[in-house]
Structure formats: C-alpha cells, structure tokens
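One structure is given below, encoded as structure tokens.
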Amino acid sequence: MSAALAEKPHEDPDAFKKGEAVIIVRDLKNGFGEQMVHDGLDLQVKKGEILGVVGGSGTGKSVLMRSIIGLQQPLSGEVEVFGEPMIGREEHEAREIRKRWGVLFQGGALFSTLTVAENVEVPLREYYPSLDEALLDQIANYKVAMSGLAPEAGAKFPSELSGGMRKRAGLARSLALDPELLFLDEPTAGLDPIGAAAFDDLIKGLKETLGLTVFLITHDLDTLHAICDRIAVLADKKVVAIGTIPELLALDHPWIQEYFNGPRGRAANETSERHAHDDPAENQKRRDAALNSAGGDTVAQNGTENPGGEDR
Ligand SMILES: Nc1ncnc2c1ncn2[C@@H]1O[C@H](COP(=O)(O)OP(=O)(O)OP(=O)(O)O)[C@@H](O)[C@H]1O
Ligand SMILES: [Mg+2]
C-alpha cells in the first residue's frame, strides 16, 4: 500500500488480507462535550510492524490508543484487535483479549507504592492468581533484565528511578504477560538522545526476537526514522495519511511537509541516511564512545544487557 491523503481503509476491506491486520479501526468518532477529537478515523496496523503514530499535540493520539485498548468509549465506530471486535464486549471476553497486549502509558503510570518488580507482578497476579511467589519473582526479574535495567532496579521504588529507568520499568511491566502487541505512548519523551536511541534499539530488538507488533505514539523524528516500518499521521480529526517516510514525503500536506521537511525533520533524515548501512554493533560502539567522551561513569558495561547506560 502506498500512502495517500485522507485514505479510507474502511472503504477498502482488502487493505490487508484477512489475519494480516492486528488492529483495525473503522470510522471512529470520539469527542468530549462540544469538542470532536476524532471524526471518521480509519487505521489498520499490520502484524509484525512497528507503526509510528504522529500528529500535533492534542490531535488525539493518546485518545486513539485509549479507544483501541478499551479505556475510552468512542461515540461511534468499530475497533477490532486480533480479529475480535472490542466495543461493547463482555468484561470476561475483553479480558482474554487484553491479556495478549502490553501498554506503556505516556506518564509511565507505575504504582508509586510498589517496587519495580512488584509493578511488573501486578498483571501477572491479576491474570494468573495461582502463580507462587518464587515464580512471580523469577518472571519479574526476567522482564526487568529484558528491559535493559540492572537487576538491583527491581527492588527500587519509582521515585528512586531516573526518567529513563522509569520508562524501562514501564516497559518491563508491559512485557509481563508475553504480549503479541505492544502499545507505547511517547516512550522516548524526556530521554536524552543517547538514552532515546538505546530505547529505540531495545524496542526494535524486542520486535525482532519476540515477533511483536508495535503501536508507537511518538514526536521523536529519530525514532520514526530508526525503527518504524510505517507512520500514521493524525490531523483534521483523522488519519490523513499512512505509509513509509518516503511515501509521506511525496504527499502535499502542509503539516507532513513541515514536520518531516522542516529543520528538525531534515536533520533526522540526514542522520538516518548516514546510518542507513550501519550495523547495530557499530551503532552501540558509537554510543559507548559518545558516553566515554562525555566523561560519564554511566557507560553500559554490557551493551546488549543494558543498552541504556543512563539507567545505571
Ligand atoms: N478525559 C478527557 N476529557 C476531556 N477531554 C479530553 C480527555 N482526554 C483527552 N481530551 C482532549 O482530547 C484531545 C486529544 O487529547 P490526546 O491526549 O489524545 O492528545 P495527544 O495527541 O495525545 O497529545 P500529546 O501529543 O500532547 O500527548 C485534547 O484536546 C484533550 O484535551
Ligand atoms: Mg498524548
């Protein structure tokens, strides 16, 4: 599929073959009082892709995510996840579907009175109440390690963590139930560029090793270039375009042109072209070198286990 302005996937039932789309949103309407946030929004997310979702602040990216995961009741429209209709489902049915995804909310949304490991255990206890404590600890420690946190982070409270560590802790919790689908709302916001790049690598690695599909809301142009297979653009209360960056760049839409071709967009584009043929080991070396030259003592000792050196 190539990008087109104001594409209407709900009018094209064959946009993806049956079973290829993990998320389908058709003709979604959301509003608060007088304010319409979405009006006729359509979107399909393909199995195994990282879909970047961009749009100006307040265009309804988080509301869209909340509608898909069932935290926001839309005014009308259809939402399907894993081929299952989500709107108006019985709680016990929705629960079975929810089990198959993980969510990292915009603010992290960790429970402040629980340690990182206890936070990771929350969904495990909810969905598998009979797991014994030793196994819960083991799974939590494994997820903490998978998220690139040092083992001792598991015993810390959210208030004792840096912003980057909190993101990783949120990611660890979102991975608790071995999801097939991950929702990430601004995962790199507030991270320094090296931490953000490390987080991108982590998401890409998890996608490749676990075969995840990722719905990724972001403002981060570097992230879009580095890890997203396609990008959906929210504007005018709908998804105005969806496609790869070159496909989007070919479109004559003022916000898209300003975003990808403005000064920041061009800089991200140049960086991604420079690194297009780099291999991940080289990238890691470059980041380690940057950390060393910055004189920090936060260098990741083992790039693969803890790519986010800022979290130590
Ligand atoms: N619970 C709510 N009650 C009333 N208005 C809401 C609610 N949630 C969101 N909104 C409004 O809906 C609009 C879209 O909000 P949303 O949080 O989805 O924006 P966003 O695209 O995620 O923005 P940002 O990039 O700043 O995170 C905003 O105008 C917001 O004020
Ligand atoms: Mg938001």
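Here are some notes:
- Residue selected from the range 186-206 under the condition touching an Asp or Glu at 6+ places or on another chain (Cβ under 9 Å) and closer than 24 Å to VAL63 by Cα, by the criterion modelled with the lowest pLDDT: LEU191
- Residue that is farthest from ligand 1 (Cβ to nearest atom), among those in the range 177-220 that are among the polar types (S, T, N, Q) and in contact (Cβ under 8 Å) with a residue 40 or more places away in the chain: THR213
- Looking only at the range 127-139, and only at residues there that are of a type outside the set (Ser, Thr, Tyr) and touching a Lys or Arg at 6+ places or on another chain (Cβ under 9 Å), the one that is nearest to ARG173 (Cα to Cα): LEU136
- The set of residues in the range 30-72 being within 23 Å of GLY88 (Cα to Cα), touching a residue at least 24 places away in the same chain (Cβ under 8 Å) and not in a strand (DSSP E or B) consists of GLY60, LYS61, SER62, VAL63, LEU64, MET65, SER67, ILE68, ILE69, GLY70, GLN72.
- Residue ID - surrounded by the fewest Cβ atoms within 10 Å (Cβ to Cβ), chosen from residues in the range 199-236 that are part of a helix (DSSP H, G or I) and in contact with a strand residue (DSSP E or B) (Cβ under 8 Å, 6 or more places away or on another chain): LYS204
- Candidates are the residues of the range 55-73 that are touching a strand residue (DSSP E or B) at 6+ places or on another chain (Cβ under 6 Å) and within 11 Å of ligand 2 (Cβ to nearest atom); the one that is nearest to VAL214 (Cα to Cα) is MET65.
The values are calculated or read from the model by the stated rules, or taken from the named source; none is laboratory data. These numbers come from a predicted model, not from an experiment. When we count neighbours, we look across all protein chains shown, and the Cβ atoms used for this are built from the backbone with ideal geometry, even at glycine.
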